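J.: Next up is a structure, given as structure tokens.
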Ligand SMILES: Cc1cc2nc3c(=O)[nH]c(=O)nc-3n(C[C@H](O)[C@H](O)[C@H](O)COP(=O)(O)OP(=O)(O)OC[C@H]3O[C@@H](n4cnc5c(N)ncnc54)[C@H](O)[C@@H]3O)c2cc1C
């Protein structure tokens with residue numbers, strides 16, 4: 001195998017041990033590459049920035065389907081609430097989401113990375129890398145043939161390697177209520193409200209360990225506003241089946257890329273994947289499945305290139321990135337034309353139901 005004779009310390013160094021990084025690492029390691037993953041957190045289940053809801057496709061077509069059942073909870077229905085709190089139930093035969101005990105899932109993912117022979121270095125912050133002949137010199141690691149930025153929406157790898165950066169975001173914030181339970185726990189409760197969640201929605205969901213409730217809104221650094229999650233929960237909590245006066249445990253918060261894949265996501269043996277590459281649905285703000293798929297394809301692409309002379313992995317990364325053309329157009333429209341009254345007026349109408357079902361259950365990658 002090529003790596004026995006190579007002077008490189010690693011074939012691939014991946015920054016970030018979340019969904020994109022894990023997928024890329026496992027895919028490359030399964031094909032015999034020497035993979036190092038740097039993760040700045042000491043505990044991968046700490047300081048989460050995701051609700052952790054996994055869509056059916058990811059649960060059935062990827063390794064995420066092997067997450068132990070005790071860490072997931074199946075949700076088969078979406079309750080969509082207009083700003084007036086009128087509601088409709090949406091479902092598609094056979095479709096489901098999994099809410100997760102996300103800290104446990106992230107630790108399980110780290111175990112999977114290690115089980116596949118990857119050198120996972122927790123508590124290791126990526127700081128810098130310099131271009132060398134045929135690869136990169138990564139501070140604290142040594143030389144590598146490929147450097148992968150799986151380090152999220154504000155990617156340091158992108159900055160250090162001169163790659164494209166995500167410029168448009170939603171900001172999501174969520175409370176966890178450990179041990180709490182919802183009156184209707186089999187539904188994902190989604191709330192439309194221009195007041196509390198302009199540009200996106202709010203949600204309340206039962207997870208295996210409690211209730212998660214949050215909202216996301218357009219992030220405008222020039223006019224940053226603090227999301228009023230307490231006001232939101234006061235307004236919708238009862239409708240969503242959340243008991244009053246519950247005290248939140250942890251808070252999860254973070255930026256969500258919302259303008260589609262970045263320009264210049266891969267060049268000179270440096271490749272961005274997942275959130276770092278902007279690969280998040282601009283409409284649903286779901287990024288776990290797309291991060292996984294992109295990371296996996298890039299991991300496989302690097303192995304195919306190094307072992308069998310396959311296509312350049314940079315090209316593979318660019319071609320595998322979903323463009324989200326329709327969803328970007330929908331985001332553009334929602335950003336400019338969001339009003340509460342059409343949802344209040346038309347919630348029960350067949351076209352609105354149809355459109356909502358398309359968003360939640362169909363054409364997830366178009
Ligand atoms: C509040 C919120 C809720 C969300 N809910 C959902 C949801 O329910 N379902 C869904 O599909 N999507 C959801 N998303 C989006 C989804 O979480 C992301 O798209 C997904 O996590 C992207 O995975 P990733 O591996 O690309 O990046 P991330 O999950 O952001 O992981 C990046 C990793 O890199 C590490 N890292 C960063 N910088 C460095 C560094 N310099 N050195 C070493 N390590 C570093 C971080 O610690 C982290 O572990 C949500 C996002 C937010 C903010």
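J.: Pairs, please: C-beta under 6 Å, at least 6 apart or cross-chain, first residue without any contact (Cβ under 8 Å) to a residue 60 or more places away in the chain and in region 146-170, second outside any strand (DSSP E or B)?
T.: Note: pairs meeting the criteria are 160/128.
J.: Taking the condition of being more than 8 Å from the ligand (Cβ to nearest atom) and in a loop (DSSP other than H, G, I, E, B), how many residues in region 30-85 meet it?
T.: 17
J.: Scan region 209-224 residue by residue and report those that are outside any strand (DSSP E or B) and touching a residue at least 12 places away in the same chain (Cβ under 8 Å).
T.: Hit for region 209-224 is 209, nothing else.
J.: I would also like to ask the following. What's the total number of residues in region 194-229 that are in contact with a strand residue (DSSP E or B) (Cβ under 7 Å, 6 or more places away or on another chain) and closer than 18 Å to residue 332 by Cα?
T.: Residues meeting the conditions: 9.
J.: Then there is this: Search region 273-294 for residues being farther than 18 Å from residue 327 by Cα and in contact with a strand residue (DSSP E or B) (Cβ under 8 Å, 6 or more places away or on another chain), and hand back the single one that is surrounded by the fewest Cβ atoms within 10 Å (Cβ to Cβ).
T.: Top of the filtered list is 276.
J.: In region 258-272, which residues are touching a strand residue (DSSP E or B) at 6+ places or on another chain (Cβ under 6 Å) and either on the phi < 0 side of the Ramachandran plot or buried (at least 24 other Cβ atoms within 10 Å of the Cβ) (or both)?
T.: Restricting attention to region 258-272, the residues satisfying the condition of being touching a strand residue (DSSP E or B) at 6+ places or on another chain (Cβ under 6 Å) are 258, 265, 269-272.
If the condition is that a residue be touching a strand residue (DSSP E or B) at 6+ places or on another chain (Cβ under 6 Å) and either on the phi < 0 side of the Ramachandran plot or buried (at least 24 other Cβ atoms within 10 Å of the Cβ) (or both), then 258, 265, 270, 271, 272 are the ones that fit.
J.: Residue 19 passes all but one of (1) crowded, with 23+ Cβ neighbours inside 10 Å; (2) more than 14 Å from the ligand (Cβ to nearest atom); which number fails?
T.: With (1) crowded, with 23+ Cβ neighbours inside 10 Å; (2) more than 14 Å from the ligand (Cβ to nearest atom) applied to residue 19, the lone miss is (2).
J.: Looking at region 184-208 only, could you name the residues that are within 14 Å of residue 75 (Cα to Cα) and either out of contact with any helix residue (DSSP H, G or I) (no Cβ under 8 Å at 6 or more places or on another chain) or touching a residue at least 40 places away in the same chain (Cβ under 8 Å) (or both)?
T.: Result: 184, 185, 186, 187, 188, 189, 190, 203, 205, 206, 207, 208.
J.: From 310, 301, which residue is in a helix (DSSP H, G or I), in contact with a helix residue (DSSP H, G or I) (Cβ under 7 Å, 6 or more places away or on another chain) and more than 24 Å from residue 105 (Cβ to Cβ)? Lay out the reasoning, then the answer.
T.: Values: 310 fails: in a helix (DSSP H, G or I).
Of 310, 301, the one residue that is in a helix (DSSP H, G or I), in contact with a helix residue (DSSP H, G or I) (Cβ under 7 Å, 6 or more places away or on another chain) and more than 24 Å from residue 105 (Cβ to Cβ) is 301.
J.: Can residue 52 be described as free of Cβ contacts under 8 Å to residues at least 40 places away in the same chain and closer than 19 Å to residue 290 by Cβ?
T.: Criteria not met by residue 52.
J.: Collect the residues in region 84-104 that are surrounded by 17 or more Cβ atoms within 10 Å (Cβ to Cβ) and touching a strand residue (DSSP E or B) at 6+ places or on another chain (Cβ under 8 Å), keeping them in residue-number order.
T.: Once the filter is applied, which keeps residues that are surrounded by 17 or more Cβ atoms within 10 Å (Cβ to Cβ) and touching a strand residue (DSSP E or B) at 6+ places or on another chain (Cβ under 8 Å), region 84-104 yields 87, 90, 96, 97, 98, 99, 100, 101, 102.
J.: Might you check whether a residue that is within 13 Å of the ligand (Cβ to nearest atom) and at pLDDT 95 or above occurs anywhere in region 281-288?
T.: Yes, some residue in region 281-288 is within 13 Å of the ligand (Cβ to nearest atom) and at pLDDT 95 or above.
J.: Sticking with this structure for a sec: For region 120-170, give me each residue that is part of a strand (DSSP E or B) and within 14 Å of the ligand (Cβ to nearest atom).
T.: 120, 121, 122, 129, 138, 147, 148, 149, 169, 170, listed by residue number.
J.: Also, quick follow-up: With under 21 Å from the mean Cα position of the chain (by Cα) and farther than 21 Å from residue 288 by Cβ as the only criterion, which of 235, 145, 167, 154 stands out? First the steps, then the outcome.
T.: On the way: 235 fails: under 21 Å from the mean Cα position of the chain (by Cα); 145 fails: under 21 Å from the mean Cα position of the chain (by Cα); 154 fails: farther than 21 Å from residue 288 by Cβ.
Within the list 235, 145, 167, 154, the selection yields 167.
J.: Right, next: Tell me the residue from 345, 255 that is surrounded by fewer than 20 Cβ atoms within 10 Å (Cβ to Cβ) and within 18 Å of residue 18 (Cβ to Cβ), please.
T.: Only one candidate qualifies: 255.
J.: Name the residue, out of 227, 198, that is within 14 Å of the ligand (Cβ to nearest atom) and assigned to a loop (DSSP other than H, G, I, E, B).
T.: 227
The values are calculated or read from the model by the stated rules, or taken from the named source; none is laboratory data. The structure presented is a predicted model; accordingly, all values stated were derived computationally and were not measured. Note that we place each Cβ from the backbone using ideal geometry, even for glycine, and neighbour counts take in every protein chain shown.
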